[in-house]
Every structure is written in structure tokens, then in C-alpha cells.
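Quick one: the structure is below, questions incoming.
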Amino acid sequence: MVLGGYGEVGFSICRKLLQEQPKELIVTSLRKEEAFSAVEKLQLESHSPCTLTPVYGNLYVRWSLKGGGFFSSGEASAGIS
């Protein structure tokens, strides 16, 4: 998981991690558009079989205060507490 994967440093870290051939890389950002944009750019740049998962929202707010919580690929993520 890379926090702030849309930013310059976070995106660079994502590129480096993809070279290690992970099974999945979770790319996070505060805004939905940023998370999905970062994943799209990484998919275009990389030919890795890695699953790239965009997650957006404030990861530091308690789950009970989120009113629905994190979203990944348009669906509520399960199992996060």
C-alpha cells in the first residue's frame, strides 16, 4: 500500500515497487479522481501482471466516523475496522 500514490513521491515509489513484481499494489489518495488517475497512469507505464487497486478517502479518520468508509473501485471495502 502506498499512501499518496498520486503525488510525485508516492507515484515514484509505486513505479519502483512494480519492478519488484508484487501480486497487488494498493494506491491511495484523498480524492477519488487522483487514486484512479494514478492507477491508470501506472497501468499504461507498466507491463506488470500486478493488480493495481485504487483506494480513496481519509485513511486516518476512524471507520465509525466515516459514514460508509473507504471505497475501492467504486465499492465499499469489506473487512476494514
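All of the numbers you see were taken from the coordinates with simple rules; none came from a lab. Bear in mind that the values here come from a model prediction, so they are computed numbers and not experimental data.
List the residues, sorted by chain then number, that are 5 or more residues from LEU52 or on another chain and whose placed amide H is less than 5 Å from its amide H.
LEU25
Going Cα to Cα from LYS32, which aspartates and glutamates come in below 13 Å? Please leave out same-chain ones fewer than 8 positions away.
Straight-distance partners of LYS32: GLU40, GLU75.
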